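Chemist: Quick one: the structure is below, and I'll ask about it shortly.
None of the figures in this text is laboratory data; all of them are computed from the coordinates on show. On a predicted model such as this, the values are computed, not experimentally measured, just so you know. Don't worry about glycine lacking a Cβ; one is built from the backbone with ideal geometry, like all the others, and counts go over all protein chains shown.
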């Protein structure tokens with residue numbers, strides 16, 4: 001299965017308790033919805049089913065089928081959980097898309113000038129950031145907001161940006 005057919009839904013964190021439960025940081029709109037997609041797939045193709053799930057502060061607590069001890073849960077820390085793209089519901093409107101769909105999109109400025117290509121979408125706690133590789137190879141983090149990315153055309157793989165002044169200037173040019 002190609003990587004672009006899988007969509008990251010969550011990452012397993014630390015164990016919770018001694019009976020094999022784990023904390024999961026879910027990337028679904030409602031964190032409990034991570035259990036709605038059936039078996040989840042890790043980076044090695046292994047499948048994991050959520051047997052029980054409940055909300056907790058900033059994460060969900062889940063019991064995965066077959067994981068019955070804290071030691072077994074510890075081995076899953078950092079595990080990325082994906083679902084097949086076909087399992088996801090269709091987008092409700094044109095402004096709804098997956099962050100994974102942004103990776104590889106070209107980014108152009110207000111006058112159509114090339115600014116770079118999105119290499120990842122990150123969030124360090126203050127909101128989503130587009131990591132953009134500029135034509136000269138630098139990495140620039142731009143806030144992913146409607147103000148800075150007013151037009152996104154997933155079909156054309158193009159993002160029209162209106163970045164903050166100076167964001168794409170090379171510090172060596174100053």
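Chemist: How much of the calculated P(r) for the range 3-87 lies past 20 Å, in percent of all Cα pairs?
Modeler: 23 percent
Chemist: Using only the C-alpha atoms of the range 1-53, find the volume of their convex hull and express it per residue in Å³.
Modeler: With only Cα atoms used, the range 1-53 gives 91 Å³ per residue.
Chemist: To check my understanding: the extent here is largest minus smallest coordinate of the Cα atoms along each principal axis. What are those three numbers for the range 99-162, in Å, largest first?
Modeler: 31, 24, 20
Chemist: So, one more: Compute and list, largest first, the equivalent-ellipsoid semi-axes of the range 70-117 from the alpha carbon gyration tensor, each √(5λ) rounded to a whole angstrom.
Modeler: 35, 18, 7
Chemist: Restricting things to Cα coordinates, could you compute the convex hull volume per residue of the range 54-153 in Å³?
Modeler: Dividing the Cα hull volume of the range 54-153 by its residue count gives 166 Å³.
Chemist: While we're here: Once the Cα atoms of the chain are picked out, what are the Rg and Dmax in Å?
Modeler: Considering the chain through its Cα atoms, Rg and Dmax are 18.9, 58 Å.
Chemist: To make sure I understand, if each residue's beta carbon is the centre and we count other beta carbons within 10 Å, what order do 24, 132, 41 fall in, fewest to most?
Modeler: Going from sparsest to densest Cβ surroundings: 41, 132, 24.
Chemist: Gap in Å between the Cα centre of the range 4-65 and the Cα centre of the range 79-98?
Modeler: Using only Cα atoms, the two centres lie 16 Å from each other.
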